[in-house]
Each structure stands twice: as C-alpha cells, then as structure tokens.
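Everything on this sheet refers to the single structure shown next.
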Amino acid sequence: MSLIGGYYSFERNKRDTQEIYECVKAYRCLSNERRDDDEVVVYEHPCGHLFAKRKKGIRSLVSACRDKQQNLFISLGFLTQHDWQDWDFEQGALKPQEHYREDYADRLTRAEGQFIAVYVNDRSQALHIVNDRFGARPLYYSVTDDGFYFCSNLFFLTRLCGRPIELDPIGLLQMYLFGNTEGPHTHLRNMERLSPATHLTIRDGAIQKQVYWTMKFEPDFGLDPKAHAEVTFFQLQKSVRFCARLSPRTLLPLSGGLDSRIIAACLPSDSAIPAATMVMQKPYFDAQYAVASEVARALGLRHSTYSIAPIISQKAEDLIRLCGGISPLQHSAKSAQGPFDQYDLFLDGGPGGDMKGSSVLNMYYALPEKREEILSKFITPRYFIDTLRA
C-alpha cells in the first residue's frame, strides 16, 4: 500500500535521514502486508524531509522526483496539467520534469485528477501542499510546537509526530452518522484532514491556507435537461474509462445501488474488470444484492460475492439503525473481509475510493421515548471503542 508524507521543522531541527527511512520501511499499512517488495524514497530539504512508499512493479500512483536545482516533488494519485500527455500510464506516475519552476505549486491548482501533491522549492525554502478540488485523496496533518507534520496515512502520522493516540468522540460520532468525519475532523485528537481544493504553504515557519476553488450554485434556466444529461453522462463515462486503464488489477465494488450501477454501465463493453459484492445475512438487503447480480449478468461482468464475518454483523444492526444505511459498516468491513489485497484500484461511486456517501439521519432519532436509550447505549466512548475492536 502506498503512502506519502513529511514534516517541516520550525526551528530546522531535522531528524536523521536514515531514521526516517527505517521508520517508513518498517511501517505496515495492512496487517498482512509484505515488506520485501516495498520501495521507500526519502528526500531531505532545508527544513525537514519528504518521503514516499510504494510497491515495486505495480502502478502505485506515487510520483517522486528531485530536479537538478534540488527542488522536490512527490504526489499520490493521478493528475495532469497537459491533457494526460504528462502522465506515464505504464508506470502509473507523473512524468518527472527537468526543472520545477518556482510557480509550480500555483500550476498544481489548475491540475485535473484526484491527488495530493507536495512541492518544496529549494531557493525560497517554501513547502507547498495542494490537493484536488474534492479532496478525494485524504491528507492528514498535525501542528506541534516544533513543526508541521503530514501524511496520507493517519496512523503513521501519529508515529511521525510522536503524539499519543487519543480518540475524538465528535469525530467517531460523525463516522457512524455519515460514514466520514466532517470537514477537517478526524477520529483522533489533534489530527486534522486537509480540506478540499486547498493550497497550503509553509514559509519561514508561517502556515498559510488558501482555498483555490469552490463549487458555485449558478442555475441556468435556459438549460436543456436532456442535452445536459447526455453531456454529463459522456464526461462520466470518459472518466470511468480512463480510470479503468490505470491498472490491470482493478475491481468494481458492485453494491447494487445507483452509484455502482452507473459506474458499471460506464465501463467499456470489452472490459475485463471483475465485480464483487459484500453480503450481510439480513433479509432486507436481499433485493439490493439481487440487483447487483442482475446488473453484472446483463453487462457480462465476472461477479463474486463475499460474506461479512458474523462478529461484524452482530454490531451491524445497531449501527444501521442509527445511521439509516449500511454504508458506514460496509466500507469499513470490505477491506478486512474481502480478498482485495490482489487489487490496486477500486472503481466505486466515490472519487478516489475515499469519499463514501453520507446517510440521511434515521427516524430513530426523532422518537422521544428512544432518547435515553440512545444516550446510554450508543453515545458513549465505551460503545465506540468496543465497536472498533470488533
């Protein structure tokens, strides 16, 4: 599994490069992950280090480069500034440049794709972090007295900055309500997530954040709905077909819901990408999974079904009742339960496979007689901890 990260020391108290290398090399993103096929890159800059970890021989979507002027660039995800002429499909990485100009970070704000990009200019000694417009690839950061630490992997970030792991009850509650934490929140204290469409700059110890793009509501009353729908679907189809080319080890998680059905319909007719459905032994999900099987049959997709282990299903009823849907549980369970370690990329309904759909609050919350039960049974740190352990 790939990750990128680094730190910026306000007092320029840099760590030993070999120490950073060994720490990144030893970390396992997954419990059953092999280390012998890891490739680790560590770059030193005037105020700290950048690092990247990727698997050898696969399209890791990690780019890392130091140019002749000692400027540094690393990224995770896919991006382009020149209609994909600057993307290496064979390597699954951005083609390195001979010289990264001082305004390169500003140019990244105009890039297309799903990415986190980090650029350090050696002359100005400024560190820039830019993510895509929707924040599809998460980047987490923590500010301490001595520096700014960041990483695409939240738990490795706790090791990098040396903070103890402390659960944040607000972040945990948001995860169970929406399937995600909201805004910059995470489920850990003192750890934040970079907001979408952000250009963060650190120069001379000062941190600046700039939101470079926002979605605007600009209704066009003269719009032809049919023509616009056709254009929108064409662009979605174009995007899905591009993603399908990124790696031969791609899987379509097909739940039977609207999002995954549309993604399946956008695949090329000659696509060999298989589909997989996670199954919970509950009768009220039978119809949805029957739809998934029918969609796969109609489109000629190879389709497999995997069951969620009973120990997870026991907690499911309470969580589904609270959240009004399976989404928060299903997406947490699928990585642990399915044989997904053989795939590099998931083609699901969320950008980058990271933004899962939120759920409307269930009517269960509106029942006055259930208020005390909710407060005592669910809204307690002990329940969250027990559920996470399960």
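Coordinate-derived values only; no laboratory data. From a predicted model like this one, the values you see are computed outputs, not experimental measurements. Note that we place each Cβ from the backbone using ideal geometry, even for glycine, and neighbour counts take in every protein chain shown.
Below is a table of values for the structure above.
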item	result
Per-residue HN-Hα couplings for region 223-231 [Karplus 6.51, -1.76, 1.60; θ = phi - 60°; Hz; x = Gly/Pro]	6, 8, x, 5, 5, 5, 4, 5, 5
Extension gain, residue 272 back to residue 103 (0.36 nm per residue minus Cα-Cα distance, nm)	56.7 nm
Charge dipole (debye, nearest 20) of region 3-211; +1 at Cβ of Lys and Arg, -1 at Cβ of Asp and Glu	220
Cα→Cβ-extended label distance, 7 Å offset, between residue 25 and residue 12, nm	2.9
Which of 145, 37, 67, 132 has the fewest Cβ neighbours within 10 Å, and the rest in rising order	145, 37, 67, 132
Size descriptor, Kirkwood hydrodynamic radius, that averages inverse alpha-carbon separations across region 3-211, Å	17.5
Spin-label model distance (nm) - residue 342 vs residue 297, 7 Å beyond Cα toward Cβ	2.4
Order of 166, 44, 90 - criterion: other Cβ atoms within 10 Å of each residue's Cβ, fewest first	90, 166, 44
